[in-house]
Structures are given as structure tokens and as C-alpha cells.
1. What nm value, rounded to one decimal, do you get for the distance between residue A:88 and residue A:116 when each label is placed 7 Å out toward the C-beta?
2. Binned at 10 Å from 0, what are the whole-percent values of the Cα-Cα distance distribution for segment B:363-436, short to long?
3. Under 8 Å for C-alpha pairs, at least 6 residues apart: give me the relative contact order for chain A, rounded to a whole percent.
4. For chain A, find the longest principal axis of its Cα atoms and tell me its angle to the long axis of helix A:35-47, 0 to 90°, nearest 10.
5. Within a 10 angstrom radius of the beta carbon, how do B:303, B:356 rank from fewest other beta carbons to most?
6. Using the beta-carbon distance between residue B:355 and residue A:71 and R0 = 45 Å, what value does 1/(1 + (r/R0)^6) give for FRET efficiency, to the nearest 0.05?
7. So what is the relative contact order of segment B:284-383, in percent, for Cα pairs below 8 Å that sit 6 or more residues apart?
8. Tell me the Kirkwood radius of segment B:13-88: reciprocal of the mean inverse pair distance over distinct alpha-carbon atoms, in Å.
């Protein structure tokens with residue numbers, strides 16, 4: 001959808017009675033052919049001080065985090081919390097169900113049962129470690145996956161980028177630099193000319 | 001850039017296989033051959049999922065579905081008639097059902113080993129085989145989980161295995177290894193499924209973008225979750241993947257260890273052994289790689305993936321199989337040594353009984369398949385021969401089944417008192433369920449190769465030489481110490497080195 005629409009107001013007030021809302025420029029997108037070019041472009045955009053922009057690529061590019069100035073994600077800390085919850089949950093589960101007789105406060109008939117197995121103590125940590133290990137791994141893994149999806153705002157099935165025919169090659173062999181129109185420094189003509197200087201294969205306005 | 005030797009000449013073998021198995025320490029062998037670029041990888045892999053399947057697929061699917069129906073009918077009969085229709089008896093209360101369980105769980109180990117442990121060790125060759133090895137893991141664990149489920153006698157009460165609050169205030173007994181198994185296998189299945197699915201999200205997005213069919217676009221679109229290849233998303237994605245690999249590594253080692261506790265914590269001679277956890281894990285990896293090879297060799301030929309799953313991949317898998325096979329052979333020997341050295345009468349008898357006693361054929365099947373057959377893999381010509389590899393892999397598949405039969409059934413047949421000895425003979429239901437489990441496995445596997453990306457495209461692309469920026473005077477990138485997959489000169493424009 002590489003339309004050459006002239007400037008139109010980028011506010012929601014620009015609604016005409018007949019045609020409904022005018023398409024808004026959601027982003028400007030530059031297409032690159034190889035990793036070297038897109039790395040160079042990423043550093044240029046980073047140094048120009050943009051904040052709401054992204055590089056899209058078919059695979060994770062080694063070194064792009066530095067070139068884009070991406071900070072380390074908080075995900076490992078979330079996973080640590082998940083893992084500790086799993087560990088304590090496993091401990092609580094095995095202890096409460098097998099070694100205690102404490103009833104649950106608000107539910108009837110729900111309490112642990114002290115199994116007597118070959119005269120062994122009802123509570124021994126060693127025998128419960130396998131289960132605690134498994135719950136630790138399980139909750140850590142669930143946190144890693146769902147934490148990653150939530151931080152990445154996925155699933156998100158609507159994205160203006162999908163309207164672009166060219167963008168379909170982002171999962172194949174092409175690389176894109178996309179500058180969002182909501183970036184505080186966004187100015188359509190300046191962004192276009194900056195990206196133009198990076199010698200992209202194509203330059204396209206993405207409309208919402 | 002430091003001096004980089006050009007790739008040596010790679011001869012063509014077996015018709016059209018390019019031999020990239022050379023060992024030149026100065027240079028990394030290319031893992032993707034045939035002059036492929038990014039778009040070629042996409043085209044070769046997406047074609048399999050998006051186009052009509054070939055004729056053989058329908059034939060194989062019909063066969064697998066036939067065996068699966070056999071399994072369904074047999075389980076139905078088992079539920080109506082009870083576990084008496086099996087050959088199980090006293091003293092052999094655990095027989096084919098548990099043998100099959102351990103066999104299938106073992107096969108499930110190679111997938112996570114390839115995706116997690118080889119990932120942590122930066123073994124880039126894993127990328128070509130990890131996707132379908134992971135799929136194999138999940139399907140094998142499904143097959144495995146079926147057997148304890150129907151072995152409990154009243155499968156409609158199998159939910160008692162889980163700590164579900166109930167009006168009887170009845171809880172599982174957490175000090176039992178059988179219950180550890182429920183948690184170990186359940187966690188393993190869940191984590192493997194997550195690992196598999198997370199790895200597949202970018203590739204499902206590729207299928208979404210390459211598909212011309214509306215239904216395919218919608219379905220692949222839903223399951224790819226709106227993935228756009230954003231590098232901010234890739235950053236978190238790679239971190240999540242690394243964490244999953246780090247979590248799966250102790251997990252994969254724990255699963256078969258816990259399975260081995262089912263036996264090792266009992267008093268029965270032949271089961272009561274401290275070597276069991278490492279021995280079971282090595283055996284699981286051994287059997288798992290054999291199954292990966294059994295599936296990979298036909299798949300690469302039938303789907304034209306010879307440039308992605310190359311002879312080097314086959315060679316590496318053969319080496320893993322040989323190494324783990326040697327660990328297994330060592331474990332077998334140590335068991336005999338321990339029995340002799342312990343001077344324990346019943347332990348010594350149990351091992352004599354294995355070799356010369358009630359069912360020596362099972363022992364010798366196991367020994368020939370698992371110890372003798374893989375020794376041919378010491379020779380490079382054997383590792384490079386697809387026919388020999390396929391035959392050895394199938395010897396190992398059979399041998400690993402017999403190993404579990406030997407451990408479980410022959411140990412139970414003759415324990416302490418000769419008055420309580422008994423023989424085991426499988427019934428037709430036992431044999432039908434074993435065959436049926438292969439039906440379940442291959443039905444799922446054939447559906448997978450038809451509908452899902454069988455090669456991890458994004459990961460394969462990321463290890464190709466042209467995936468790495470070259471710097472050209474940029475301080476961020478001009479590093480001379482780390483050049484992961486450099487094989488030749490610059491490859492601008494997504495073009496690989498010329499065809500060899």
C-alpha cells in the first residue's frame with residue numbers, strides 16, 4: 001500500500017461525513033536486502049533518537065540489540081519468581097496433603113492425610129524433592145513462555161503492517177525498519193528522507 | 001578479517017548427497033549445502049506444508065490410521081474385559097504395558113536433548129533436526145502416557161493420580177516413585193510442548209505469509225499469534241528460548257532418572273541398582289537418536305531436504321548414538337560386575353538368569369542390537385552410508401525395547417523364592433497394543449509433517465553465513481574473535497557461497 005498521500009492531519013478529528021475516517025499513516029517502513037544494510041540503518045535510527053520504532057527480520061540477528069539500543073528484558077527475573085513459586089508450591093502441596101492434618105479454612109472436608117508407609121516419618125524432605133523439582137521447572141517454563149508472550153504483546157492479530165504485500169517477506173528473506181507515527185520525533189517527511197538516505201530497496205507508508 | 005580458508009572440495013555421494021563431513025580444524029563445515037539462500041530454505045520447507053501431500057503420504061497415513069484403530073479397539077476391549085486380557089500374571093504384574101511405557105518415554109528423550117542440551121552447547125547442527133525431533137518427543141510421550149493410564153486397571157479413575165481436591169479427602173502418596181513419575185512425565189510433556197510451540201511461532205508466521213489459501217492463512221495466522229519478526233520481540237523470544245533450554249536440561253535428565261526410580265527403589269534383584277538413573281538416561285538418548293535417524297533418513301529423501309539435513313547431520317547423530325551406545329554397553333557390564341562383586345546370592349542369580357535362564361533370547365536380542373550392532377559406526381564409511389545407518393538405527397530401536405523387556409520381565413519371573421516363580425507369555429492384546437502404539441505415533445507424526453513446518457526455518461537461517469553482519473569498520477561489530485559460521489568470503493545480498 002505504497003500510496004503517496006499528501007499530508008493530512010494525524011488527529012482523529014479528521015473525519016469527513018461521506019468517506020468515513022481518512023486512513024492515517026501508522027508507520028513508515030523501509031525494506032532492506034541483507035543484514036549489513038539493516039544493521040547500518042538500525043544504528044542510524046537509534047542515533048537519531050527515535051523511541052517507537054523497530055526492525056523486523058526473518059530470524060534473530062546477532063548484534064541487533066546493541067545496534068538498536070534494546071535493553072535487557074526483565075523476563076529472567078519473572079522466571080525466577082515463577083520458579084520460586086513452583087518450589088514453594090511443591091513444598092506446600094506435598095507437606096500439606098501428606099504430612100499435615102490442617103483443614104482449609106473456608107472449605108468443608110478438605111484436609112491433608114498422614115499416610116503411614118512402612119513406619120517412615122510422615123514428613124521427610126528428601127522423598128518430596130522430586131515433586132518439588134518438577135513443580136519448580138513447570139512453573140518456571142510456564143512463566144518463561146507466557147511472560148515472553150505478554151511482554152511481546154502477543155497474540156495480536158491486527159497489525160497495520162500486515163496490510164503491506166511487501167511485508168509478507170519479513171518471515172522469508174527481507175529486513176524492515178519501521179518507524180511508528182506515534183514516536184514523539186515522528187515527522188513524515190523527515191523520516192522519509194532519513195530512511196531514503198539509507199538506500200532501502202523500497203520505502204512505504206503503512207496506513208492504519 | 002582473519003585469514004579464512006576456502007571450503008575444501010566436497011564430493012557427491014549416494015547420487016546427490018553433498019559430503020560436508022570433512023574435518024578441517026581451520027574451518028567450519030557448512031551445515032546448509034547446495035548454495036541455498038534464505039528464500040530457498042523458506043521455499044523448500046513451506047512447500048511441504050502448503051502443497052498437496054504426495055501419494056505415499058496417503059498410503060502411510062492409511063496404514064498408521066489402521067494401526068491406531070487397532071489400538072482404539074483393543075483399549076475398548078481392555079476396558080470392558082479388564083486387564084486379565086493381558087498376559088500379566090503373578091509374579092509378572094508389570095509386563096508389556098510398562099515395557100512399552102519405558103520404551104516410548106525413552107524415545108522421547110532425543111528431542112529435548114537436541115533442542116535443549118545441544119542448544120546450550122552451541123551445537124548449530126541441531127537446527128536442521130530439532131523441530132521434528134521435538135515433535136517426535138511429544139508424540140512418543142503421548143504413546144508412553146497411554147500405557148500407565150490403561151494399566152491402572154480402572155482407567156476411568158486415572159484422575160486419582162493427580163492431587164485434585166475431592167469429597168473423600170483423598171490425596172496421592174507423594175513418597176512413591178510412581179507418583180514422582182506422574183509429575184515428571186506430566187512436566188516433561190508440558191515443557192516439551194511449550195518448547196516445541198514457542199520454537200514454531202516464527203515458522204507458523206512464515207506459513208501464514210506464504211500461504212495462498214484463505215483457510216490456511218486464517219489457521220496459521222491464529223497459531224502464529226500475529227508474529228511480525230520484530231527484533232524487540234526476538235530479543236525476549238531468544239531469552240525465553242534460552243531459559244526454556246536451561247530448564248529443560250535438568251528436566252530431561254530427571255525424567256528417565258525418575259522412571260528408573262520405579263525400579264531402583266524396589267527390593268527386587270535386577271531392579272535394585274544405584275546405576276539405574278544414569279544408565280536409563282544414556283539408554284534413552286541412545287534409543288531416541290536411533291528413532292530420530294529412523295525418521296530423518298526417509299524424510300530428507302522424500303521431501304527433498306538433503307541440503308538441509310546433510311550427511312554431516314547424519315554423521316553427528318551417528319556419533320552421539322555410538323557414544324551413548326558405549327555408555328549403555330558399559331552399564332550392562334557394570335551390572336554383571338556388581339552382581340559378581342557383591343557376592344549377593346540373589347543378585348548373582350538374577351544376572352545368570354538373564355543370560356542363561358528363563359528368557360535368554362530377550363537378553364541376547366538386546367545385547368546384539370545395542371552392543372554389537374552400533375560398533376560399525378566407528379567407521380566413517382558406515383556413518384556416511386544411509387543404508388547402514390538406517391539398519392543400525394533400527395537394530396537399536398528393537399534392542400532398546402528388548403532392554404526394557406529384559407529388565408522388567410525377566411527380573412520379575414524369578415525372584416527370591418522358587419515357589420513364587422512364574423513365566424510370562426504375551427497375549428494377542430499385548431501385541432496389538434504394542435503395534436497400535438506405533439499407529440498412534442505415526443498418525444501424529446504424519447499429520448505433523450503434512451501441516452506444520454518440519455524444519456526450524458528461522459533457526460536454520462540464523463546459522464547460515466549470510467545471517468551475520470560483517471561490520472566493515474563498525475566498532476560494534478568488528479570483532480575478530482567470534483565468527484560463528486564463517487565459511488568463506490562475504491556473502492552479500494542473502495546469497496550463499498556458490499554451489500559446490
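Each value in this text was obtained by applying a stated rule to the coordinates, not by laboratory testing. These numbers were taken from a predicted model, which means no experiment stands behind them. Glycine also receives a Cβ, built like all others from the backbone with ideal geometry; neighbour counts cover every protein chain displayed.
1. Going from the residue A:88 label point to the residue A:116 one covers 3.4 nm.
2. 18, 34, 28, 15, 5, 0
3. Values: 271 pairs, mean separation 93.2, N = 208.
Relative contact order here is 45 percent.
4. 90
5. Working: B:303 19, B:356 9.
In increasing order of surrounding Cβ atoms, one gets B:356, B:303.
6. On the way: r = 63 Å, r/R0 = 1.40.
Efficiency computed from Cβ-Cβ geometry: 0.10.
7. Once divided by the residue count of segment B:284-383, the mean separation gives 31 percent.
8. On the way: mean 1/r = 0.0560 Å⁻¹.
That comes to 17.9 Å for segment B:13-88.
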